[in-house]
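Visitor: Below is one structure. I have some questions about it.
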Amino acid sequence: MTDLAGGPAGDGLPAPIRLRGAAMSLITLLGGVSLAVIPAATISISSRLFTVPEQGLLAVAVLVATFTGQITFAVVVESRLSSVVSERRVVFPLWLASIAVVTALVVSIVPPNAVLLAVALPILLAALEVGRGVSVAERLDRREIAASIAVGAGALIGVLAGFASLQWALIPLVLGIAFATCVRSLPVQHRASRPHPAVMGWVIADTAITGVVYPLLNSMILAFLGSADAVLFASIATVSGLLAIPLNFMRLRLLKEHSRADVVLSAASVLAAVVALLVLEFTGIFGFLFGTAWTGSATLLPLLLACGWRAASLATTLPFTSLRRMGEVRLLTGLRAISSALTFALAALGLALQSLPTVFFGLLLAELLSAFFYEVARRRRAAASHRETTTLDADAEDA
């Protein structure tokens, strides 16, 4: 596929086309904010509609929903993008879109209920994760812009209604998701590549190994530190997820092919996101959004550590996507297992010390160590590939 944003596939295109492609990439990247605001908006609205124990339940449910979205994304999108013997095309499945729209309608009709919302969140976030992933990977930029506006507008209206303690605050949030899902499921001209069971199995395994750490960790925080700390952990993890938007964008693009322009754009966006989060922290907006869970604790240090943890993913993503493109699914699963065990151990150490800043420091340290392991593996695989190519060339010359 032609890479309009730059890189090897786009170097031969005229400058105006490359510039237009880069602008569309930037707009699509910014549209990722809509995906990140849904967990934050859910926590904010919940703080006005539900009791503290119910908020603790939903704080865990948000991370469980994020994990579910990652698994669904692995099945529908990443397993196909990780195949080295297909065209690596993806589409938004109608079955997922239908379930998500029905779920959103049910939540909008039934009066606010924490248990119902906890059950609905995994379905809604799975649809958002897959729908955006398909649009970014296939460069369906125009429909993605419309979908992002719908999600963002619904979240904004819902949060504002939550500030006023209006019982219908969840309705615009879920209806925005439903509209975006309909837009993202519009027909496309291509068909999805057939998934390879072996590749899919390895991709799902390493996604599950990595993603299960965070809901499990927050469940432990809820059990040992209480609902307030669980809500605070989920809140900080959610707002620092703003940094994950450009990183996920870069990851999707690099799974297709390497692009220097997308790497530079994503890195600059990460820096801009850190600045934006600090501005929101110092102006007290986060305290206003999340209520006493945020204002009742010192949040600057854990927020900085959470930003460092997210930003460190930049160093992990580059070798990870390179190994994905090489088809090294088994190697990556082993690396993910090591990384997840390390992440959980270091974060659990912080939990044992009953300190959220130490938990986030453990996550940061684990990410940096993981980046080192991934890069070592990538260099060894590249060296082995070079030796194999040299040997084949020598044998051909001898023949």
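The values are calculated or read from the model by the stated rules, or taken from the named source; none is laboratory data. Predicted model only: the values in this text are computed from it and were never measured. In this analysis, Cβ positions are derived from the backbone assuming ideal geometry, glycine residues included, and neighbour counts consider all displayed protein chains.
Visitor: Return the residues of segment 263-287 that are touching a Cys at 6+ places or on another chain (Cβ under 8 Å) and touching a residue at least 60 places away in the same chain (Cβ under 8 Å); say none if nothing qualifies.
Guide: none
Visitor: So, in segment 55-90, of the ones that are aliphatic (A, V, I, L, M), surrounded by fewer than 22 Cβ atoms within 10 Å (Cβ to Cβ) and not in a helix (DSSP H, G or I), which residue ends up nearest to the chain's Cα centre (by Cα)?
Guide: VAL84
Visitor: Please work out if THR358 is farther than 21 Å from PHE249 by Cα, of a type in the set (Ser, Thr, Tyr), free of Cβ contacts under 8 Å to residues at least 40 places away in the same chain and part of a helix (DSSP H, G or I).
Guide: Numbers: farther than 21 Å from PHE249 by Cα: yes; of a type in the set (Ser, Thr, Tyr): yes; free of Cβ contacts under 8 Å to residues at least 40 places away in the same chain: yes; part of a helix (DSSP H, G or I): yes.
Yes, satisfied.
Visitor: How many of the residues in segment 348-375 are more than 18 Å from the chain's Cα centre (by Cα) and within 12 Å of PRO302 (Cβ to Cβ)?
Guide: Within segment 348-375, residues that are more than 18 Å from the chain's Cα centre (by Cα) and within 12 Å of PRO302 (Cβ to Cβ) number 8.
Visitor: Within segment 245-292, which residues are more than 20 Å from the chain's Cα centre (by Cα) and of a type in the set (Gly, Ala, Ser)?
Guide: Within segment 245-292, ALA261, GLY284, GLY287, GLY291 meet the criteria.
Visitor: Right, here's the next one. Just give me the residues in segment 335-355 being assigned to a helix (DSSP H, G or I) and surrounded by fewer than 17 Cβ atoms within 10 Å (Cβ to Cβ), in sequence order. Show your work before the answer.
Guide: So in segment 335-355, the residues assigned to a helix (DSSP H, G or I) come out as 335-352.
If the condition is that a residue be assigned to a helix (DSSP H, G or I) and surrounded by fewer than 17 Cβ atoms within 10 Å (Cβ to Cβ), then ALA337, ILE338, ALA341, ALA345, ALA348, LEU349, ALA352 are the ones that fit.
Visitor: Scan segment 377-399 and tell me whether some residue there is surrounded by 15 or more Cβ atoms within 10 Å (Cβ to Cβ) and either within 19 Å of the chain's Cα centre (by Cα) or among the β-branched types (Val, Ile, Thr) (or both).
Guide: no
Visitor: Would it be correct to say that ALA315 is in contact (Cβ under 8 Å) with a residue 12 or more places away in the chain, in contact with an Asp or Glu (Cβ under 9 Å, 6 or more places away or on another chain) and either within 19 Å of ASN248 (Cβ to Cβ) or assigned to a helix (DSSP H, G or I) (or both)?
Guide: Yes.
Visitor: Right, next: Hey, among THR295, THR299, which residue is surrounded by fewer than 19 Cβ atoms within 10 Å (Cβ to Cβ), among the β-branched types (Val, Ile, Thr), over 19 Å from PHE67 (Cβ atoms) and over 21 Å from the mean Cα position of the chain (by Cα)? Steps first, answer last, please.
Guide: Working: THR299 fails: surrounded by fewer than 19 Cβ atoms within 10 Å (Cβ to Cβ).
Sole residue among the options that is surrounded by fewer than 19 Cβ atoms within 10 Å (Cβ to Cβ), among the β-branched types (Val, Ile, Thr), over 19 Å from PHE67 (Cβ atoms) and over 21 Å from the mean Cα position of the chain (by Cα): THR295.
Visitor: Turning to a different aspect of this structure: Regarding segment 181-191, can at least one residue be identified that is of a type in the set (Gly, Ala, Ser) and either at pLDDT below 80 or out of contact with any Leu (no Cβ under 7 Å at 6 or more places or on another chain) (or both)? Step through it out loud before you land on a result.
Guide: Of the residues in segment 181-191, the ones of a type in the set (Gly, Ala, Ser) are 185.
Now restrict to residues that are either at pLDDT below 80 or out of contact with any Leu (no Cβ under 7 Å at 6 or more places or on another chain) (or both): none.
Checking segment 181-191: not a single residue is of a type in the set (Gly, Ala, Ser) and either at pLDDT below 80 or out of contact with any Leu (no Cβ under 7 Å at 6 or more places or on another chain) (or both).
Visitor: Could you say which residue among ILE177, ILE171, ILE221 is among the hydrophobic types (A, V, I, L, M, F, W, C), buried (at least 19 other Cβ atoms within 10 Å of the Cβ) and more than 26 Å from PHE92 (Cβ to Cβ)? Before you say what the answer is, go through the steps one by one.
Guide: Values: ILE177 fails: more than 26 Å from PHE92 (Cβ to Cβ); ILE171 fails: more than 26 Å from PHE92 (Cβ to Cβ).
Criteria check complete, one pass: ILE221.
To keep it simple, each residue is scored yes or no on (1) at pLDDT 90 or above; (2) assigned to a helix (DSSP H, G or I).
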| residue | (1), (2) |
| --- | --- |
| PRO112 | yes, no |
| VAL115 | yes, yes |
| LEU121 | yes, yes |
| ALA126 | yes, yes |
| GLY131 | yes, yes |
| SER148 | no, yes |
| VAL159 | yes, yes |
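Visitor: Within segment 105-124, restricting attention to residues that are over 21 Å from the mean Cα position of the chain (by Cα) and within 21 Å of PHE179 (Cβ to Cβ), which residue is surrounded by the most Cβ atoms within 10 Å (Cβ to Cβ)? Reasoning before the result, please.
Guide: Filtering segment 105-124 down to residues over 21 Å from the mean Cα position of the chain (by Cα) leaves 105-116.
If we keep only those that are within 21 Å of PHE179 (Cβ to Cβ) as well, we get 105-110, 112, 116.
Details: LEU105: 13, VAL106: 13, VAL107: 24, SER108: 15, ILE109: 9, VAL110: 12, PRO112: 18, LEU116: 15.
That would be VAL107.
Visitor: Hey, another quick one. Just wondering, is there one or more residues in segment 345-354 that are touching a Ser or Thr at 6+ places or on another chain (Cβ under 6 Å), in contact (Cβ under 8 Å) with a residue 12 or more places away in the chain and either within 21 Å of ALA74 (Cβ to Cβ) or among the polar types (S, T, N, Q) (or both)?
Guide: Start the filter on segment 345-354 by keeping residues that are touching a Ser or Thr at 6+ places or on another chain (Cβ under 6 Å), which leaves 350.
Next, only the ones that are in contact (Cβ under 8 Å) with a residue 12 or more places away in the chain stay: 350.
Restricting the remaining residues to those that are either within 21 Å of ALA74 (Cβ to Cβ) or among the polar types (S, T, N, Q) (or both) gives none.
Checked segment 345-354: no residue is touching a Ser or Thr at 6+ places or on another chain (Cβ under 6 Å), in contact (Cβ under 8 Å) with a residue 12 or more places away in the chain and either within 21 Å of ALA74 (Cβ to Cβ) or among the polar types (S, T, N, Q) (or both).
Visitor: Something else about it: Kindly evaluate ALA306 against the criterion of being farther than 26 Å from ALA137 by Cα, at pLDDT 85 or above and surrounded by 23 or more Cβ atoms within 10 Å (Cβ to Cβ). Walk me through it before giving the result.
Guide: Details: farther than 26 Å from ALA137 by Cα: yes; at pLDDT 85 or above: yes; surrounded by 23 or more Cβ atoms within 10 Å (Cβ to Cβ): yes.
In short, yes.
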